[in-house]
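Participant: Okay, here's the structure, questions in a sec.
The values are calculated or read from the model by the stated rules, or taken from the named source; none is laboratory data. Here the structure is a predicted model, which means the values were calculated and not measured. In this analysis, Cβ positions are derived from the backbone assuming ideal geometry, glycine residues included, and neighbour counts consider all displayed protein chains. Surface areas here come from the heavy atoms of the whole protein model, side chains and all, with no ligands, DNA or RNA. Shrake-Rupley method; radii C 1.70, N 1.55, O 1.52, S 1.80 Å.
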Amino acid sequence: MLIKSLLISKKKTSSRTPIWFMRQAGRYLPEYKKIRTKEKKFLDLCFNPKLASTISLQPINRFDLDAIILFSDILVIPHALGQNVKFKEKIGPILKPIKNIKQLKNIGKDRWDNILSPIYETIDIIKSKNKDKTLIGFCGSPFTVLTYMIEGKASKDHKKIKLFLLSEPQKAKEIIDMLIEISIHYLSKQIDAGVDVVQLFESWSSLLEGELYNDFIIEPNKQIITRLKKLYPNIPIIIFPRNSESKTVKLINDIAFDGLSIDLKTPENVISLCQKKEIIIQGRLDPLLLLVGGAQLEKKINEDLLFFKKENYIFNLSHGILPETPISNVEKMIKMIRNYETA
């Protein structure tokens, strides 16, 4: 119940379904596009507290959603470790691939904070401008971040990371351990700065099976969440093991977290287990449906609201809002959800 109470504005009643969206601040918003015309380099935008706080608040000002999401990116972590990270328009992230931990230049909390401190300042500005909304911080889970660090970019076959885990397991473990440490430190600093909830994005969890899934998905996330819970027992933690399907059952049984983001491949038994353990569920709506809009979207919204009506549920997407999504579709969806609550 903790996340649900936090994800509702202090000015709202607790009976309504909370709403927020992955990538709710971004390229589908004209006000965001206007800022991007002035600041071309994406990482510079992430490390500009004035602009990053403005972008974080744009969807709140436009839609009055129930939570603010910190505007940043999961790849600020390899950047803070000293890896070369760039973003190219219409291509995405480009990193200089590494092969071992010795290629990382920045080891130590002081060096990390020297680079990441503007993000903590962004959080402070957001909280000073809007204290009524829950603020969600995040980072990428270790394996997902490692995938980009080894592959050097988004990959279709993920051959490099799979070969790296199989042929160089010790080197992989060394980098994963470093990513665990910086993730705990980074999320702790976000919490100290004022975020109310944190989320771990395990975007590439579908790549692994069996022992590899246990060693590189479950164990790293377990270490992060366990240690954060000891430091901040009242801060809810959400995890998004994207496309993990039935493997999510083991993750739920092995790790004590508060909320699970679900996607289109999440099976019914995972949802049932969450309900049994009183884990908050968020997500499931296909971003393509939001893009298309119309009767298909309305039908699916009604189905999800009816299915989760008596459960601990946050309305969200199964992944981020697509850049081409019409603003009018987002407005209609939010209106539908809120009218459903008062109907």
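Participant: Does K33 meet the test of being in a helix (DSSP H, G or I), open to solvent by 10 Å² or more (accessible area, probe 1.4 Å) and at pLDDT 95 or above?
Facilitator: Numbers: in a helix (DSSP H, G or I): yes; open to solvent by 10 Å² or more (accessible area, probe 1.4 Å): yes; at pLDDT 95 or above: no.
Against the criterion (in a helix (DSSP H, G or I), open to solvent by 10 Å² or more (accessible area, probe 1.4 Å) and at pLDDT 95 or above), K33 does not qualify.
Participant: In addition: Of the residues I262, I280, which is over 15 Å from I19 (Cβ atoms) and buried (at least 16 other Cβ atoms within 10 Å of the Cβ)? Working first, answer last.
Facilitator: Details: I280 fails: over 15 Å from I19 (Cβ atoms).
From the options I262, I280, the qualifying one is I262.
Participant: Can you work out which of the residues in the range 169-185 that are open to solvent by 70 Å² or more (accessible area, probe 1.4 Å) and charged (D, E, K, R) is nearest to D73 (Cα to Cα)?
Facilitator: Only one residue tops the list, namely E181.
Participant: Give the residue that is nearest to G26 (Cα to Cα), with candidates limited to residues of the range 306-330 that are among the polar types (S, T, N, Q) and in contact (Cβ under 8 Å) with a residue 40 or more places away in the chain.
Facilitator: My answer is T325.
Participant: Can you pull out the residues in the range 147-161 that are open to solvent by 30 Å² or more (accessible area, probe 1.4 Å) and assigned to a loop (DSSP other than H, G, I, E, B)?
Facilitator: In the first step, residues of the range 147-161 are kept if they are open to solvent by 30 Å² or more (accessible area, probe 1.4 Å); the result is 148, 153-154, 156-157, 159-160.
Scanning the range 147-161 gives A154, K156, D157.
Participant: From the residues in the range 86-124 that are part of a strand (DSSP E or B) and either free of Cβ contacts under 8 Å to residues at least 12 places away in the same chain or out of contact with any Asp or Glu (no Cβ under 9 Å at 6 or more places or on another chain) (or both), which one is least open to solvent (accessible area, probe 1.4 Å)? Step through it out loud before you land on a result.
Facilitator: Let us first name the residues in the range 86-124 that are part of a strand (DSSP E or B), namely 86-88, 92-95.
Imposing the further condition that a residue be either free of Cβ contacts under 8 Å to residues at least 12 places away in the same chain or out of contact with any Asp or Glu (no Cβ under 9 Å at 6 or more places or on another chain) (or both) reduces the set to 86, 88, 92, 94.
Numbers: K86: 119, K88: 111, G92: 19, I94: 50 Å².
That would be G92.
Participant: Looking at the range 130-146, is at least one residue open to solvent by 10 Å² or more (accessible area, probe 1.4 Å), in a helix (DSSP H, G or I) and closer than 16 Å to G82 by Cα?
Facilitator: No - not one qualifying residue is present in the range 130-146.
Participant: Yes or no: the range 63-73 includes at least one residue that is polar (S, T, N, Q), more than 20 Å from the chain's Cα centre (by Cα) and either at pLDDT 95 or above or open to solvent by 20 Å² or more (accessible area, probe 1.4 Å) (or both).
Facilitator: Going residue by residue through the range 63-73, those that are polar (S, T, N, Q) are 72.
Add one more test, that the residue is more than 20 Å from the chain's Cα centre (by Cα), and what stays is none.
No, because not a single residue in the range 63-73 is polar (S, T, N, Q), more than 20 Å from the chain's Cα centre (by Cα) and either at pLDDT 95 or above or open to solvent by 20 Å² or more (accessible area, probe 1.4 Å) (or both).
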